[in-house]
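The values are calculated or read from the model by the stated rules, or taken from the named source; none is laboratory data. Computed from a predicted structure; not experimentally measured. Cβ placement follows ideal geometry from the backbone for every residue including glycine, while neighbour counts extend to all protein chains displayed. For the accessible areas, the whole protein counts, side chains as well, though only heavy atoms, and no ligand, DNA or RNA atoms are used. Shrake-Rupley method; radii C 1.70, N 1.55, O 1.52, S 1.80 Å.
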Amino acid sequence: MSRRSFAYWRNHERLSVRSSKIQGSSRKCYCAFLVLAALAGTLFSPFTLAQAATTAADPLLFPRDHFTLETASVKTPAGEKKIVYRSYQHLLYVTKPVDKEYQSLDVKVPVSVDGSNVDATHAPILFVVGVGGYMAASNSRKGGPPGAFGGPGGPGSPNVPFGGLGGPGAPTFPGAASTFGGPEAIQNLALAAGYVIVAPGARGRNNKAADGTYYGKAPAAIVDLKAAVRYIRHNAGVLPGNPDWIVSSGCSAGGGLSALLGASGNSPLYEPYLKEIGAAEAKDNIFASGCGSPVTDLEHADMSYEWAFGGSKWRGGTIDAKVSAALKERFPAYESSLHLIGRDGFGQITVDNLDAYLVQEYLAPSATKYLQGVSDAQRAEYLSKNNWLAWDGKIAKFTYAEYAAEHIKRMKAAPAFDNFNLRSPESNLFGNRTTDARLYTDFSLQWTTGNPNARIEPELQQVVNLMNPMFFIGQKNPDAAAHWWIRHGAIETDSAPTNTVNLALSLENIGRDVNAGIYWEAGHCQDLDPQGFIAWIGKTTGYKQ
Ligand code: DHB
């Protein structure tokens, strides 16, 4: 145990002893005290008094002894498991919060599984990024069951509806079968494996103060998540779990933020923001990052989308062909600028081999696995409905162009992200204190102003960088997470598979351990292998109970 965490431990123990002394005083006196405490609500309970003293000494000290015991059951490959766990709710993770509802977190610590005791002292910590749509993720209990859609908030939560965004081309989150690393099921799987759960809320693009200013625009969400990671480290030895095994997990915007958390570990660029909210002085790098359907690399997502889906039908009507073509034209230079080297002898990936790379390394193996796993009758039916795909009895064969034209219906107009009417989640994300939404790419600025030399403000460019994992991977951040689990759905069009594959390959190229794949016939955030992710955490950490 480090000296610092030992000091916390001692401090904490002393205060716990004081608490039990209060409980141990004369029965009469204690009963009177309890009556008073009951009357006054929890504020004056013996425990809370100790708690208050503890938090006065260190406002970010994890209240180890202040929990409720809860139970859950979960289906695992080894059958149904009954879990008893300690539940800690709504712990503030910064000392100068802008909004406690969002800058607080929940912790779950497994106590027993099927009646056998679990010691989670050194377990991996699953860090649940519950953000959807780059909206604020509430940590209050108001909005529905904790853990739904990745933890705090959840469907029915006030933070979930789409804040007026919509219309043709608008994304459909978070209603989709959002199951990656978020809902209760995966948290319960993690608890059943003996892992600790930390689920923070975070500010988001829809946070608006009474005076009309916005307080959750970029980079607020990632700053909050980093502050929550720092809270875990700050409480090393007090909060159960191993802070060197923090594994983040989220899908869509949450997947993008999980990737960013993984890629930007310990970057000094966030320091002023972290100081401003009173984040603990601790490291914020993580061990591993789980990214489901990450909506990321927002700066280049429009061109990537047109390259990937420019040849696909649109659900909404007709795409502006000129805009689509102009964006697509910009993609080759970007792809080449990444200097990515593909696996299996592909050499440098450019637009000339990217389509083949996507098919050979991701799409075809995924289709093959799917078709191998179904019955003969199901396969025959599938093939008769999908005659763009050839099946030789063993392997699926098709080209990227066939897949995009025949199997994909894009959901977004062009530009898909930085759309000109400022009604996308992303332009809303890149607003600032006083402006609700801003164009954030040179392309959209140039197109709307008619000025081919227009550039977004350097201040905004810096914020765009702070939201982009590719920025930190490009700089070979030595503190980027060592292990990555990345998944994308084969029929989702919230963002392009090129984005996800570029993320995976750029990480492989800087020597990271990457487990990436595409789930066949899966939509946005659909998680076809939650247990695989949980098992992967066990394998990469080497954790055994
Ligand atoms: C999400 C989906 C989108 O299509 C998008 O542009 C941003 C976020 C989401 O589901 O989180």
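Assorted remarks:
- Flag for Ala481 being in a helix (DSSP H, G or I), away from the ligand (no atom under 15 Å from the Cβ) and of a type outside the set (S, T, N, Q): no
- Condition broken by Gly316, with the remaining ones in (1) within 22 Å of Ser444 (Cβ to Cβ); (2) buried (at least 18 other Cβ atoms within 10 Å of the Cβ) satisfied: (2)
- Tallying residues that are open to solvent by less than 40 Å² (accessible area, probe 1.4 Å), assigned to a loop (DSSP other than H, G, I, E, B) and aromatic (Phe, Trp, Tyr) within the range 412-453 yields 3.
- Close pairs from the range 336-352: first open to solvent by 70 Å² or more (accessible area, probe 1.4 Å), partner β-branched (Val, Ile, Thr), Cβ under 7 Å, at least 6 apart: Gln348/Ile341
- If you filter the range 287-298 down to residues that are surrounded by 24 or more Cβ atoms within 10 Å (Cβ to Cβ) and part of a loop (DSSP other than H, G, I, E, B), you find that the one that is farthest from the ligand (Cβ to nearest atom) is Asp297.
- Residues in the range 425-435 include none that are of a type in the set (A, V, I, L, M, F, W, C), more than 16 Å from the ligand (Cβ to nearest atom) and touching a residue at least 60 places away in the same chain (Cβ under 8 Å).
- Residue pairs meeting the criteria (Cβ under 7 Å; at least 6 apart or on separate chains; first in a helix (DSSP H, G or I), in the range 366-382; second open to solvent by 70 Å² or more (accessible area, probe 1.4 Å)): Thr368/Ile395
- Within the range 383-406, the set of residues being part of a helix (DSSP H, G or I) and either over 19 Å from Ala356 (Cβ atoms) or of a type in the set (Asp, Glu) (or both) comprises Leu383, Ser384, Lys385, Glu402, Glu406.
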